[in-house]
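**Student:** This is the structure, below, for whatever I ask next.
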Amino acid sequence: MADPVFDAVIAGGGLSGLSLAAHLGAGPWRDRSVLVIDDCTPARRPAASWGYWTAGIGLLDGVAYRSYARVRVQAAGADDVVALGRYRYQVVRRSDLERVVRSVIGCCPRFALRQGRVESVTNGADAAEVVVDGHTYRACWAFDSVSPESPGRSADARLAFVGWEVECAVPCFDAQTPVLFDFRIPQAGRSRFVYVLPKDRHRALVEVTEFAGRHAISSTADELGAALADHMDRFGRYEVLRTESAVLPLRVAPAARRSGRVLRIGARGGLLKASTGYGYQRIQRDSAAIAASLAQYGHPFGLLRSRRRYRLFDAILLEVLDREPAQLELAFGQLFLANPAERVLRFLDEDTRPLDEVRLAATLAPRPYLRAASTLLLAHASGR
Ligand SMILES: Cc1cc2nc3c(=O)[nH]c(=O)nc-3n(C[C@H](O)[C@H](O)[C@H](O)COP(=O)(O)OP(=O)(O)OC[C@H]3O[C@@H](n4cnc5c(N)ncnc54)[C@H](O)[C@@H]3O)c2cc1C
């Protein structure tokens with residue numbers, strides 16, 4: 001007897017795979033057959049938790065184990081605690097996401113999570129085909145968060161970071177206030193800042209993060225680790241409990257996500273915001289849009305699209321970063337210190353009205369942005 005054809009197979013049970021499974025299981029697709037496959041290899045799961053901001057309307061917002069009403073911003077000579085208004089900066093741990101999604105899936109009789117190594121995800125003649133440890137699963141739709149990116153796809157910038165979860169001997173952190181960015185570290189010709197996510201007064205995830213433009217070479221993990229060790233010196237004795245590091249390619253142009261019955265999701269679907277590297281909230285919105293599209297149209301392609309003007313803003317910022325890395329500190333500082341945080345976060349979520357964007361732009365020094373915009377315009381006109 002032929003193997004059953006699943007309604008959907010989700011390749012990769014990380015952030016995007018689990019989020020999509022949860023959104024499918026919480027809606028009209030709850031009685032469909034959905035298989036999620038993950039190889040559970042720790043090395044392929046670099047993020048132990050995700051930070052993001054939200055105004056609290058998403059399906060999985062309740063999963064967060066930390067929620068902060070304010071953040072600290074240390075940039076452009078200023079050091080301010082910024083109230084987030086109706087937004088919260090939240091943190092979701094992978095373990096909590098897995099637990100909650102398992103409980104949603106547990107109520108869906110034909111959903112399953114299986115361990116296995118995905119070898120390929122392709123669009124077959126009349127079904128999507130997902131090969132797992134030599135076995136082919138067929139599905140009406142396949143959602144792919146694991147296949148390698150097409151070779152030769154260059155990045156517009158890269159976000160590299162090294163993070164340590166530390167426990168300090170003396171209380172060092174403000175447990176209520178994450179540091180979104182502290183640019184007061186040596187910049188090494190790029191744009192670097194420290195990010196601090198406190199657990200309590202002694203424990204925090206402390207990261208050195210670096211944006212490198214198209215023409216710059218990202219620092220190595222060892223170099224960023226050395227910068228982090230220098231920064232940590234101020235805290236006296238501490239123990240490193242866990243480390244994480246990554247280099248995320250940032251791209252402005254949308255990824256080619258769709259191939260017949262296969263749709264790329266998550267980072268492989270181009271869902272990291274090019275100017276920030278954040279992906280959590282975009283992945284939630286994408287999951288909700290896919291689930292709604294399947295329910296309404298019977299296909300998953302009624303996706304939310306990044307509006308062109310936001311891609312243009314991202315492209316301009318990354319062009320400025322490439323030419324003048326120091327401008328990033330000024331931009332982040334000016335945006336957060338001269339505007340209500342809600343406006344900035346709405347903008348980063350691509351939810352602003354044009355008037356908000358004019359107000360935000362008015363707080364930036366215009367020259368680098370006009371220069372970058374004219375470079376992009378010329379490149380566009382000459383077909384580069
Ligand atoms: C260290 C790190 C920290 C980050 N922190 C944040 C953050 O705080 N906030 C934010 O918004 N964004 C963050 N990001 C960016 C982005 O949100 C994450 O990368 C996010 O996890 C992307 O989701 P994903 O589903 O595409 O990938 P993943 O969450 O990595 O999921 C991919 C899954 O596929 C599995 N897998 C891979 N290959 C195979 C295979 N061949 N067979 C079977 N399974 C396979 C892996 O085990 C993994 O579970 C971070 C990224 C990294 C790398």
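The values are calculated or read from the model by the stated rules, or taken from the named source; none is laboratory data. Computed from a predicted structure; not experimentally measured. Virtual Cβ from ideal backbone geometry, glycine too; neighbours counted across all protein chains shown.
**Student:** Take the conditions at pLDDT below 95 and either surrounded by 15 or more Cβ atoms within 10 Å (Cβ to Cβ) or farther than 30 Å from Ile57 by Cα (or both) and apply them to Val104. Does it pass?
**Tutor:** Criteria met by Val104.
**Student:** Scan Leu294, Leu271, Leu241 and give me the residue that is aliphatic (A, V, I, L, M), crowded, with 22+ Cβ neighbours inside 10 Å and over 16 Å from the mean Cα position of the chain (by Cα).
**Tutor:** Step by step, each of Leu294, Leu271, Leu241 is checked, and only Leu294 is aliphatic (A, V, I, L, M), crowded, with 22+ Cβ neighbours inside 10 Å and over 16 Å from the mean Cα position of the chain (by Cα).
**Student:** How about the stretch 86-113: which of its residues are in a strand (DSSP E or B) and within 16 Å of the ligand (Cβ to nearest atom)?
**Tutor:** Arg88, Tyr89, Gln90, Val91, Val92, Arg93, Ala112, Leu113, listed by residue number.
**Student:** Now, a different point. Can you pull out every residue in the stretch 7-33 that is within 16 Å of the ligand (Cβ to nearest atom) and of a type outside the set (Gly, Ala, Ser)?
**Tutor:** Of everything in the stretch 7-33, those that are within 16 Å of the ligand (Cβ to nearest atom) and of a type outside the set (Gly, Ala, Ser) turn out to be Val9, Ile10, Leu15, Leu18, Leu20, His23, Leu24.
**Student:** It is to be established whether one or more residues within the stretch 35-54 are assigned by TED's automatic domain parsing to the domain that holds Ile283, surrounded by 18 or more Cβ atoms within 10 Å (Cβ to Cβ), among the hydroxyl-bearing types (Ser, Thr, Tyr) and over 29 Å from Leu348 (Cβ atoms).
**Tutor:** Checked the stretch 35-54: no residue is assigned by TED's automatic domain parsing to the domain that holds Ile283, surrounded by 18 or more Cβ atoms within 10 Å (Cβ to Cβ), among the hydroxyl-bearing types (Ser, Thr, Tyr) and over 29 Å from Leu348 (Cβ atoms).
**Student:** Another question about this same structure. Applying the selection to the stretch 52-85, what residues are within 22 Å of Leu330 (Cα to Cα) and outside any strand (DSSP E or B)?
**Tutor:** Those that are within 22 Å of Leu330 (Cα to Cα) and outside any strand (DSSP E or B): Ala76, Gly77, Leu84.
**Student:** Taking the stretch 114-150 as the search range and keeping residues that are touching a helix residue (DSSP H, G or I) at 6+ places or on another chain (Cβ under 7 Å) and at pLDDT below 95, which one is nearest to the ligand (Cβ to nearest atom)?
**Tutor:** Ser147
**Student:** Sticking with this structure for a sec: Looking at the stretch 1-34 only, could you name the residues that are in a strand (DSSP E or B), surrounded by 15 or more Cβ atoms within 10 Å (Cβ to Cβ) and over 21 Å from the mean Cα position of the chain (by Cα)?
**Tutor:** Within the stretch 1-34, Phe6, Asp7, Ala8, Val9, Val34 meet the criteria.
**Student:** Then there is this: Of the conditions (1) at pLDDT below 95; (2) away from the ligand (no atom under 13 Å from the Cβ), Thr41 fails just one. Which one is it?
**Tutor:** Condition (2) is where Thr41 drops out.
**Student:** Another question about this same structure. Quickly run through the stretch 290-308 and pick out the residues that are among the small types (Gly, Ala, Ser), modelled with pLDDT under 95 and within 16 Å of the ligand (Cβ to nearest atom).
**Tutor:** Answer for the stretch 290-308, where residues must be among the small types (Gly, Ala, Ser), modelled with pLDDT under 95 and within 16 Å of the ligand (Cβ to nearest atom): just Ser306.
**Student:** Since Glu167 meets every condition but one in (1) in a loop (DSSP other than H, G, I, E, B); (2) surrounded by fewer than 19 Cβ atoms within 10 Å (Cβ to Cβ); (3) of a type outside the set (Val, Ile, Thr), which condition does it not meet?
**Tutor:** So the condition that Glu167 fails would be (1).
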